[in-house]
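First the structure, in the form of structure tokens, and then the observations on it.
Since every read-out is calculated from the coordinates, none of them should be taken as a lab result. All values derive from a computational prediction rather than experimental measurement. Cβ atoms come from the backbone with ideal geometry, glycine included; neighbour counts cover every protein chain shown.
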Amino acid sequence: MEAFAHLVATAADDKATAAASSAGYAYGLAAIGPGIGIGYLVGKSVEAMARQPEAAGMVRTTMFLGIAFTEALALIGFVVFILIGL
């Protein structure tokens, strides 16, 4: 009987497994929004640069600022992922 004692999951193990699973799920959801947002932002910026090449510098600068702010949302999600996992 003692040979199988290591196979018995305790309540603490179940809680840790549930916490890790929910943290991974939460980060996955947190990464979807910024991914879609950055894709949309870059696509529209390329479209704007193609329509008005003379404004490409301003559009590019604004695009990079938008990417930075959008990526901050993904980083916040990652921090929450780490905090939930603890």
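Data overview
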{"read-out": "Close pairs from the range 51-64: first under 18 Å from Y40 (Cα atoms), partner surrounded by 12 or more Cβ atoms within 10 Å (Cβ to Cβ) and of a type in the set (G, A, S), Cβ under 8 Å, at least 6 apart", "value": "V59/S45; V59/A48; R60/S45; T62/S45; M63/S45"}
{"read-out": "Residues of the range 72-86 classified as within 24 Å of G43 (Cα to Cα) and surrounded by 14 or more Cβ atoms within 10 Å (Cβ to Cβ), total", "value": "3"}
